[in-house]
Amino acid sequence: MTSEQSARLEELRREVRDWLRTNLPKGWGTPEYRPPPPYSREQHELGKEWTKKLYEAGYTGFGYPREYGGVERPREEVAVIREELARTGTPGGPLSLGMLVAAPTILAHGEEWQKKRFIPKILSGEEAWCEGFSEPDAGSDLANVQTTGKRDGDEWIINGQKCWTSMWEFADWGLLVVKTEPDAPRHRNLSYFLFSTDTPGFSRRPLRQMSGEAEFGEMFFDDMRIPHKNMMGEQGRGWYIAMTALMAERSGGGGLEGGGTGLAGLGTSDLLGIEGLVDLAKNTRRFGKAAWEDSAFRQRIMQVAIELEAMRWSGARLTAKMSKGQVMGNEASVFKNFQAEMRQRRGDLAMEIIGAYSQLVRGSPRSIDGGEPVYNMLRSRGATIEMGTSEINRNIIAERILGLPRS
Amino acid sequence: MEFSLNEEQEMLKTMARDFLENECPKTFVREMMEDEVGFTRELWKKMAEVGWLGLVFPEEYGGAGMNFRDFSILCEEMGRALLPGPFIPTVLLAGLPILEAGTEEQKQELLPRIASGDIICTLAALEEDGDFWPQAVQVKATERGNDFILDGTKYFVPYAKGVDYILVAARTRRSADPEDGITLFMVDTSEWGIYASPLVTMDQTRKQFDVIFNRVAVPASNIIGEVHRGWPILKQAALKATSALCAEMLGGGEWVLETTVSYAKERIAFGVPIGSFQAIKHKCADMFSGLEYARSLMEWSAEAIKENNRASPRAVSMAKSYCGDVYKYVCGEGIQIHGGIGFTWDHDMHLYFKRSRADDTLFGDANHHRELLASTFD
């Protein structure tokens with residue numbers, strides 16, 4: 001790099017820092033700042049506003065061509081911007097699967113007009129997206145989608161139901177997998193649509209989960225009409241487009257370019273968790289002594305520390321491979337499983353440390369940390385099921401990485 | 001930290017694999033299992049000729065000046081091949097102490113001869129309790145003129161019969177601090193008073209001996225480092241040896257995984273390859289995943305040592321406990337997936353299984369290292 005180039009980058013760095021100072025929410029980084037409740041409209045609106053500002057400043061939207069609203073900058077500039085944003089932390093985007101799933105999928109499979117119409121408003125945060133894929137009878141067996149689409153002139157009439165829909169509440173648009181060829185064999189009978197949640201015949205409601213809240217929703221289609229031009233890709237090829245979407249979701253939104261943290265990037269912030277566990281054990285007295293003095297707890301807590309560190313370095317190795325252009329789709333299954341199962345072990349361990357207090361949840365005056373250990377444990381039971389069950393992932397590892405024959 | 005291998009390292013790995021496939025097939029390993037010495041000077045010399053013995057010694061002492069990560073790549077291949085012989089003891093447990101704490105004279109005298117394969121060494125650190133800690137060192141070394149007289153028994157000494165020198169950790173003074181008062185002696189095995197009796201071990205691919213030192217005279221000039229100050233040197237050497245051992249474990253683990261997956265694809269039961277059954281698939285997937293994470297920790301520990309990073313002890317403890325558990329697990333599953341044939345003496349699977357248990361006990365097992373980590377949070 002020339003000294004001229006380094007000087008330019010340093011100037012950019014200063015520019016970003018100044019911008020952040022002016023544009024981050026009031027009180028950001030201090031105890032005064034109170035983040036909005038998770039999954040609330042407040043959080044969504046804050047995220048929208050933030051992304052809009054970031055986009056207008058040219059600090060997001062990387063990895064997409066300019067004609068679709070992308071912000072094209074040299075790699076080194078993107079790196080500097082990302083570093084500065086990571087340094088202060090940022091409020092996060094709207095409650096939307098736009099960046100993670102919709103934009104990469106539309107970029108890969110959309111008609112020209114669809115790319116021009118939808119990608120810019122995803123990058124700017126103006127429109128939020130959800131995805132309708134899973135159904136009550138189509139979970140691991142995603143090909144078993146039963147939501148139907150019947151052609152009627154220039155439109156398709158959609159009937160059916162989707163469930164476990166992330167980002168369901170504030171989505172303006174949705175990706176939808178529909179069975180349009182009832183007589184065709186599995187994997188050839190589906191088509192992929194882009195639909196507006198403003199359409200008559202569409203309704204949605206929360207899906208309450210065992211940890212108490214409703215991160216996910218259900219969507220219902222009652223003779224809802226979608227214009228034929230909103231079909232993405234070829235009719236009957238919906239399965240393959242859905243697979244792109246799935247891969248995008250699991251690997252973190254287009255790998256390095258998309259800027260997603262995905263699965264490979266996780267682990268660094270988790271490392272802070274081990275001090276929390278150690279403190280919990282030191283501060284909890286069980287049968288007259290600190291839990292931390294019990295060898296059984298020490299061993300298991302250290303095992304968590306080791307696993308966190310293993311994840312961190314595995315992420316580094318994966319990133320090294322990805323930066324060499326080695327695409328790592330199936331490897332994501334290895335990460336996802338490990339992380340999910342580790343979360344469960346960690347959740348169980350915290351519960352065991354606190355003994356009888358493991359029964360008290362948020363709202364109870366003597367609950368530990370506002371019931372957080374209990375919440376984490378309950379939520380972790382979903383981790384081995386969502387985004388590919390542990391069993392399916394093991395099949396993927398065995399078949400696609402190790403080459404074992406299909407059942 | 002560098003995780004991908006550079007071109008030179010890829011070449012080192014490929015050449016090592018080819019070399020060992022030719023020179024150390026399982027027939028040789030089994031031959032050495034029946035042999036009291038347990039390795040051959042002939043193969044040792046060949047290893048010296050391709051530069052392995054002096055790999056990490058500076059060029060001025062006859063070495064290749066390569067780094068610890070390079071060394072660990074070699075160790076992986078050796079673990080895969082179940083290479084018999086005191087390679088790690090010679091290079092890391094004797095060679096590095098000499099390099100790091102020896103006098104210039106000792107370095108000039110000994111290192112080139114180690115690099116050329118001329119002298120083979122091992123370490124005698126353990127005593128009756130079998131734990132690697134300074135309290136265990138009770139064998140006495142008493143000053144007498146220009147010599148020290150060694151008296152006592154060292155236990156679990158690798159390859160004591162086939163080596164030219166044993167680096168012996170002996171106690172030269174009593175102290176409140178058990179780490180103080182331990183001295184390292186390079187003992188010429190041709191001296192009077194040394195009796196090595198072979199132990200009958202589960203892992204016959206690695207020979208162990210109890211060695212009696214019956215009033216053995218060792219010149220003071222054979223002391224490595226300062227008198228009474230030997231333990232820190234040994235601790236440093238053990239740190240590296242532990243990481244290298246993790247590399248060996250990964251190499252062996254990958255052999256087990258590859259062999260097992262191969263078998264699952266070929267073995268027919270109920271009319272189909274057993275690898276098409278989900279139970280088998282899931283075991284293989286878990287073996288693969290375990291080795292992936294073990295590898296990350298092992299490579300981290302090697303990189304940390306190579307860079308002389310402050311995190312090295314932590315990295316090594318994490319790697320040792322995790323790799324130890326994973327290697328044992330993988331070997332267990334390897335036998336299970338092979339079914340009856342995996343349980344036979346003739347199949348090679350039990351060689352790795354036994355090696356995995358032996359490796360876990362060396363330099364502190366998984367539990368011990370977890371406890372070491374916990375103590376850093378105390």
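Read-outs throughout are calculated quantities, based only on the coordinates presented, and are distinct from any laboratory measurement. Everything numeric in this text was worked out from a predicted model, so none of it was measured. No Cβ is skipped: glycine too gets one built from the backbone with ideal geometry, and neighbour counts run over all protein chains shown.
The calculated FRET efficiency for B:W345 paired with B:M11, based on their beta-carbon distance and R0 = 45 Å, is about 0.75. Sparsely packed loop sites in region A:99-200 (the trypsin sites (Lys or Arg not before Pro) outside DSSP H, G, I, E and B with at most 11 other Cβ atoms within 10 Å) comprise A:R186. For B:K265, the lysines whose Cα falls under 17 Å of its own Cα, not counting residues fewer than eight places away in the same chain, are B:K281, B:K283. A simple spin-label model places pseudo-atoms 7 Å from Cα toward Cβ; at A:T88 and B:S262 they are separated by 5.8 nm. Rounded, prolate or oblate: which fits region A:51-137 when a ≥ b ≥ c are the square roots of the eigenvalues of the alpha-carbon gyration tensor, with rounded for a/c under 1.5 and prolate only if a/b beats b/c? Judged from the Cα gyration tensor, region A:51-137 comes out oblate (a/c at least 1.5, b/c at or above a/b). Which whole-number percent is the relative contact order of chain B (Cα, under 8 Å, 6+ apart)? Computed over chain B, the figure is 16 percent. Calculated [222 nm] ellipticity per residue, helices only, for chain B: -16000 deg cm²/dmol; basis is -39500 (n - 2.57) per DSSP H run with n ≥ 4, divided by all residues, nearest 500.
Using a simple spin-label model with pseudo-atoms 7 Å out from Cα toward Cβ, A:T199 and B:R173 lie 8.8 nm apart.
The GluC sites (Glu not before Pro) of region B:252-325 that meet both conditions, a loop assignment by DSSP and at most 16 other Cβ atoms within 10 Å of the site Cβ, are B:E307. Summarising the label geometry, the points placed 7 Å from Cα in the beta-carbon direction at A:D223 and B:E128 lie 9.3 nm from one another.
With R₀ set to 30 Å, the beta-carbon distance separating B:A217 from B:D118 gives a calculated FRET efficiency near 0.80. Backbone N atoms of region B:354-378 closer than 16 Å to the 7 Å Cα→Cβ label point of A:S295 belong to residues B:364-375. Taking 18 Å as the straight-line reach from the Cα of A:K53, the lysines in range (excluding those fewer than 8 positions away in the same chain) are A:K26, A:K121. Binning the alpha carbon pair distances of chain B at 10 angstrom intervals from zero yields the distribution 5, 23, 33, 25, 10, 3, 1, 0, expressed in whole percent. If the segment from B:Q336 to B:A311 were pulled out straight at 0.36 nm per residue, it would be longer than the present Cα-Cα gap by 5.3 nm. Annotation for region B:146-174 versus region B:86-105: alpha-carbon center distance of 15 Å. For region A:130-158 versus region A:98-122, the spacing of their alpha-carbon centroids is 20 Å. Note on the protein assembly as shown: Cα-Cα pairs beyond 47 Å make up 34% of the total pair count. Give the shape of region B:122-228 as rounded, prolate or oblate, defined through the alpha-carbon gyration tensor: a ≥ b ≥ c are the square roots of its eigenvalues, a/c under 1.5 means rounded, and otherwise the shape is prolate if a/b is larger than b/c and oblate if not. Verdict is oblate for region B:122-228. When the listed pairs B:K140/B:K328; B:K26/B:K354; A:K321/B:K235; B:K26/B:K306 are checked against a 25 Å cut-off, the alpha-carbon distance exceeds it for B:K140/B:K328; A:K321/B:K235; B:K26/B:K306.
Taking a point 7 Å out from the Cα of A:E45 in the direction of its Cβ, the residues of region A:69-96 whose backbone N falls within less than 16 Å of it are A:94-95. Database note for chain B: Cys without another Cys beta carbon under 4.7 angstrom, B:C24, B:C75, B:C121, B:C284, B:C331.
Peptide B:269-281 is shielded by partner chain Cβ atoms: per residue, an average of 3 of them sit within 10 Å of its Cβ.
Maximal additional length on extending the B:K140-B:T376 stretch stands at 81.8 nm, based on 0.36 nm per residue less the C-alpha distance. Rounded if a/c is under 1.5, else prolate if a/b is larger than b/c, else oblate: which is region A:72-208, with a ≥ b ≥ c the root eigenvalues of its Cα gyration tensor? Prolate shape, in that a/c is at least 1.5 and a/b is the bigger ratio. Length gained on full extension, A:W113 to A:I157: 13.6 nm, using 0.36 nm per residue less the C-alpha separation.
Counted over all Cα-Cα pairs of region B:41-124, pairs farther apart than 21 Å make up 19 percent. The relative contact order of chain A, computed from alpha carbon pairs under 8 Å that lie at least 6 residues apart in sequence, is 11 percent. When the chymotrypsin sites (Phe, Trp or Tyr not before Pro) in region B:333-378 are filtered for DSSP coil states and for at most 14 other beta-carbon atoms within 10 Å of their beta-carbon, the remaining sites are B:W345.
Note on A:K179: lysines with a C-alpha under 27 Å away, same-chain residues under 8 apart excluded, are A:K115, A:K116, A:K150, A:K162, A:K229. Ranked for footprinting exposure by Cβ neighbours inside 10 Å, fewest first, B:D18, B:D164 give B:D18, B:D164. As a proxy for reagent exposure, A:M99, B:M11 were ordered by neighbouring Cβ count within 10 angstrom, fewest first; the result is B:M11, A:M99.
For region B:232-375, the relative contact order is 29 percent, taking Cα pairs closer than 8 Å that sit 6 or more residues apart in sequence and dividing their mean separation by the residue count.
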